[in-house]
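The values are calculated or read from the model by the stated rules, or taken from the named source; none is laboratory data. Bear in mind the structure is a predicted one, so any value in this text is a computation, not a measurement. As a convention, Cβ positions derive from the backbone with ideal geometry for all residues, glycine included, and neighbour counts pool all protein chains shown.
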Amino acid sequence: MSSTMPLKAIPIARPSFGLNEEKAVLEVLRSGWVSQGPRVAEFERKFGEYVGAAHAVAVSSCTTALHLAFLAAGIKPGDEVLCPSLSFMATANAIVHAGASPIFVDIDLSTYNMDPACIERSITPRTRAILVVHQIGLPSPLSEICSIAASHGLIVIEDAACAIGSEYKGRSIGSPHTTMACFSFHPRKILTTGEGGMITTADEKLAARLRKLRQHSMTVSDLTRHSSSQVVTESYDEVGYNYRMTDIQAAIGLVQLERLDDMLARRRQLASRYSQRLSKIEWFVPPFEPAHCRHNFQSYMVRLKENAPITRDELMQELLNRGVSTRRGIMAIHRELPYRHEKWDSRLPRTNEVTDAAIILPLFYAMTEEEQDYVIDCLEQINVQLRTGEAEKLNSF
Ligand SMILES: *Cc1c(COP(=O)(O)O)cnc(C)c1O
């Protein structure tokens, strides 16, 4: 097969909206209630049902979800929170927003999730919590992590930003397996509301506290006041935040939630096509899905082996030259300015290895098999040229 330039470039991801999302937004605009109101309440109820959580609290993003989760859990200045460095910047930022310090933990090379043995080694008398990230949707070893936490009296919170629809030991992420799980509805995630987030918990008191903190710590919600036949005056008993989701966003989320199973199935199908056809490239390490985990393939990430005939950055450029957008794999937070410290580099060898060698290939709901075949053909063509010593041709492509 030869790779001819596609008519249009292939993006790394693209959100999928249909007529139903458009209709839902129009309905909200025409209803006169656009901020947090009835649609948000309905989205929370349906989201909770979907993941199997007693309580779901909608907020403006996963970053604000994490911030509130830490506050509700009582995390305070001076506390240490364990988390991976191999994650999006917001994972560590949210810990700092709560006044605590992120302590970076190295990963397992097969799953890219935090290695329980490294977690155990990072615990100090100041450790209060573990922030578990399910890397690009692949569940972390929650049983092992929760038992370490229990034996040290630590709180476990999940950064499930990417993990909607993923399962661990037969139960949805967010059901929740821990104290609280936080989701993102950013357009790079599978279910999107433009911007948005959700916290799920089994604890009614935590849920009530989260609801209060997200709306200026107002004792009565707008919706309650609006639907009351009595005059209601609210009060504010602490400093809160405005982390509300809007009804416009929730209306989109409700439609996306109905489409979620279909969107997940399509991603898994595309991911398995990638894995099948890319197995011929022997210097790729494909994604690994442990037996008790169900991956949602929020992203399709491969790692270049150490003996690969091309660097990750060169490969990204070769693909871009052919109209294919890719992204470096997951970033390493400890390399960014606010978190740089010499101690991390020696503590995080596997994180460094993965962040330098991983690449995310295009994968999105509306991706056609032709588009995917084109990406694979490009990779095969690059591989053949590298093997036959035609590397110089690559540069002049
Ligand atoms: C996207 C993402 C976030 C941030 O989500 P926002 O909704 O954009 O705030 C946090 N953590 C991880 C792991 C993410 O992938």
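General observations
- The range 319-334, subset of a type outside the set (A, V, I, L, M, F, W, C) and within 20 Å of the chain's Cα centre (by Cα), residue farthest from LEU260 (Cα to Cα): HIS334
- Residue within the range 264-276 that is touching an Asp or Glu at 6+ places or on another chain (Cβ under 8 Å), farther than 26 Å from GLU21 by Cα and either of a type in the set (A, V, I, L, M) or in a loop (DSSP other than H, G, I, E, B) (or both) present: no
- Members of the range 316-373 that are hydroxyl-bearing (Ser, Thr, Tyr) and part of a helix (DSSP H, G or I): TYR339, SER346, THR351, THR355
- Test: ALA98 is within 16 Å of the ligand (Cβ to nearest atom), within 18 Å of GLY74 (Cβ to Cβ) and in contact with a His (Cβ under 8 Å, 6 or more places away or on another chain): yes
- Condition check for LEU264: farther than 22 Å from ALA13 by Cα, surrounded by 21 or more Cβ atoms within 10 Å (Cβ to Cβ) and either at pLDDT 95 or above or within 16 Å of the ligand (Cβ to nearest atom) (or both): no
- The range 320-355 - residue that is among the acidic types (Asp, Glu) and under 23 Å from ALA117 (Cα atoms) and, of those, surrounded by the most Cβ atoms within 10 Å (Cβ to Cβ): GLU353
- When MET114 is tested against (1) under 12 Å from CYS83 (Cα atoms); (2) of a type outside the set (Val, Ile, Thr); (3) out of contact with any Pro (no Cβ under 9 Å at 6 or more places or on another chain); (4) within 16 Å of the ligand (Cβ to nearest atom), exactly one condition is not met: (3).
- Hits in the range 295-309 (condition: buried (at least 18 other Cβ atoms within 10 Å of the Cβ), out of contact with any Cys (no Cβ under 6 Å at 6 or more places or on another chain) and not small (Gly, Ala, Ser)): HIS295, ASN296, PHE297, TYR300, MET301, VAL302, ARG303, LEU304
- Per this entry, GLN215 is counted among residues that are more than 16 Å from the ligand (Cβ to nearest atom), within 22 Å of VAL28 (Cβ to Cβ), modelled with pLDDT of 95 or more and not aliphatic (A, V, I, L, M).
- Highlighted here would be strands (runs of 3 or more DSSP E) found entirely within the range 94-201 that include at least 2 residues which are out of contact with any strand residue (DSSP E or B) (no Cβ under 9 Å at 6 or more places or on another chain), but there are none.
- Among the candidates ALA58, ALA41, ALA69, residue that is in contact with a Cys (Cβ under 7 Å, 6 or more places away or on another chain) and within 29 Å of GLU167 (Cα to Cα): ALA69
- The residues listed here are GLU195, GLU158; of these, the one that is among the acidic types (Asp, Glu), within 12 Å of the ligand (Cβ to nearest atom), free of Cβ contacts under 8 Å to residues at least 60 places away in the same chain and more than 14 Å from HIS55 (Cβ to Cβ) is GLU158.
- The residues of the range 76-111 that are closer than 29 Å to LYS46 by Cα and of a type in the set (Val, Ile, Thr), listed by number, are THR91, ILE95.
- Summed over the range 36-86, residues that are in a loop (DSSP other than H, G, I, E, B), out of contact with any helix residue (DSSP H, G or I) (no Cβ under 6 Å at 6 or more places or on another chain) and within 16 Å of the ligand (Cβ to nearest atom) total 2.
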